[in-house]
Every structure is written in C-alpha cells, then in structure tokens.
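Report on one structure; see the data block that follows.
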Amino acid sequence: MSTAESFIVNLEEVTVDTKTEIFTAIQLIYGIPSLAMLIMCFILIFFGKNYGNSFYFLVRFDLLTNICVYLNTWIAIRLEMHPNTVFILKAIESALPGSLTIFKYIPYFFFHMHFWTSALLTAHRLSSVLFIYKYEAFWSSWRNRIIMLIIIFICSHLPKYLWTGWLFEVYIVNDALICYNFPDALKDAYKVVGFFSIVYAITNLTMGLLTACLVSKKLGSKSTNNVSRKLTRVAISYSAAYFFELLWSVINSVNSYLNFLPDSIVEIDINLLVFASDGVGSTG
C-alpha cells in the first residue's frame, strides 16, 4: 500500500443520484447492442474468407481493443457508481487481490492504445499509396506485426512513468472494499493525458488529411480502386471519431487550469468521457 498522501473512499457506502441512473440506463441501451456488434464483427472478420487483406488484421486488433476498453470501463469506472453492483467488484478483488488497482489504471493505458490503433489504420492506407507494390508484404509479415504490437504495448505503458505510483489502490480492509485515491498523482496524470491529447490530435488530424489528399490524387476513378477507397474511408472515419474524443480530453485538460466549463458539465465529466470512449468503440 502506498504511503503517499491520499483520501479513502469506502466503495460499499457509495450513493447513486438520478443523473447517474439515467446515464447508466442510456449506456446499457446502446452499449449492449454495440458490444454484441463488435464481437460479431470480430468473429466475422476473423473467420471470413473475404478479409484476407492485411488491413483487416489491424481492424481485428482495433475491434478487440475496443471490446476490452468497453468491458474494462464497467469494472474500472461504472460498477462502483452503483451500490447494488459493488459486490461484483468485491468478488473480483477477493478472487484476484490487486486486480482492481490494475483495472483502474488500464483506462489510461487504453487512452494511448486508442491512438495507436487509429494511427495504424491510417498508416496502412497511407502506405498503400506511397508504397503501392511493397505495403502488403510489409503489413502481412507476422514478424512485423509482432514487433509493432510489442512497440505499441510498451509505448502505451511508458507514459505511466511520468507520474509516481498508482492513481488508485483498491483493497479489502475489514471486509469492506476500500479505494485509496492519490490526488497529486491524479493531477500529474491529467497533465500527461492533456499533453498527449494535443500531440495525438495534431498527429491524427495530419495523418488523416494527408491520407485523404494522397488517395484522392493517386487513385483514379477505376472500379478496381473501389475496395481501396472503401478501406480508406473506414480508416479516415475512425480517425475523425477518435479526433473528437481527443478534443474532449484537450478541453477537459485546459478547463483544469482555466475553469471555463459550467459546473453542471464538470459534475458529469466522467460520464461524458465514458460516452466519448463508447462512441469511438462503436465506430471501430
């Protein structure tokens, strides 16, 4: 257990308000069908014979990432908002001590992972224009794929070392589920997220625009280019959806310094961020 300054929240004593109940109901209404759709798309693309293009390996990786993101938000964020579901978290922590501490960190890991899945889709389409005779061999190589995945996992985790310790630590103490919150670490983490949001937003927008321009110039109106055009539209659409999620992160980060957002918005900040994350997942 960390000795850094913290405040303690007994997760078994949480109360729920009407807003949270409404948001949860909405999230369930669209979330369950969206999750089912993501899983079915993943299975279809994984086993389908018409998805041999290397682009679909990246799509499968993106779909799997979004499935994990959605499921983890329930464990890390949503269930603890409701007194009737805290017992699920307690059961998880009892079975796997320390796991909830990791689950509550994972959203920050997936924040970076989302950028890489989006960037890879765009990079694939960019390379299909710049290296038309070589790109398929590169992206189809399992050696290259494994190296890319290892690099992505490392790069998604490295920003954690820009703050000290865990942001939250969850334990069962005297048969109660307790969460230790570390405000100083959280403040540093928000700064890191804000900085990377700006970097990712600029990079994502630049790659998307560059890809759109190059594809429109180099691909003619021939029907043989229809598949390539469709794949490019998929990559750019996902890039655009991810850009708006980043935009909210940037606004939220700037607000922590300038306090220009109304209190009514700040109060539901977590729910809005969850909606933004769900939106990108549904697009994926």
- Message: Between ILE202 and HIS157, what is the label-point separation in nm under the 7 Å Cα-to-beta-carbon projection?
- Response: 2.9 nm
- Message: On a 32 Å Cα-Cα criterion, which of the cross-link pairs LYS19/LYS90; LYS19/LYS104; LYS104/LYS134; LYS191/LYS217 come out too long?
- Response: LYS104/LYS134; LYS191/LYS217
- Note on the structure: Checked segment 34-93 with the C-alpha gyration tensor, a ≥ b ≥ c its square-rooted eigenvalues, rounded below a/c of 1.5, otherwise prolate if a/b is larger than b/c and oblate if not; verdict prolate
- Item | Pairwise label distance in nanometres, PHE195 with LEU28, each label 7 Å out on the Cα-Cβ vector | 4.1 nm
- Task: Please report, to two decimal places, log10 I(q)/I(0) for segment 116-192 at q = 0.19, 0.22, 0.23 Å⁻¹ as given by the Debye formula with identical point scatterers on the Cα atoms and no solvent.
- Result: -0.86, -0.99, -1.03
- Compute the whole-percent fraction of alpha carbon pairs in segment 6-131 spaced more than 24 Å apart. 45 percent
- Determine, from the Cβ-Cβ distance of LEU96 and CYS213 and an R0 of 45 Å, the FRET efficiency 1/(1 + (r/R0)^6), rounded to the nearest 0.05. 0.40
- Query: Rg and Dmax of segment 78-157, using alpha carbons, in Å: what are they?
  - Reply: 18.9, 57
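Bear in mind that the values in this text are calculations on the coordinates, not laboratory data. Quick caveat, the model's predicted, so the values are computed rather than measured. Heads up, the Cβs are rebuilt from the backbone with ideal geometry, glycines too, and the neighbour counts pull from every protein chain shown.
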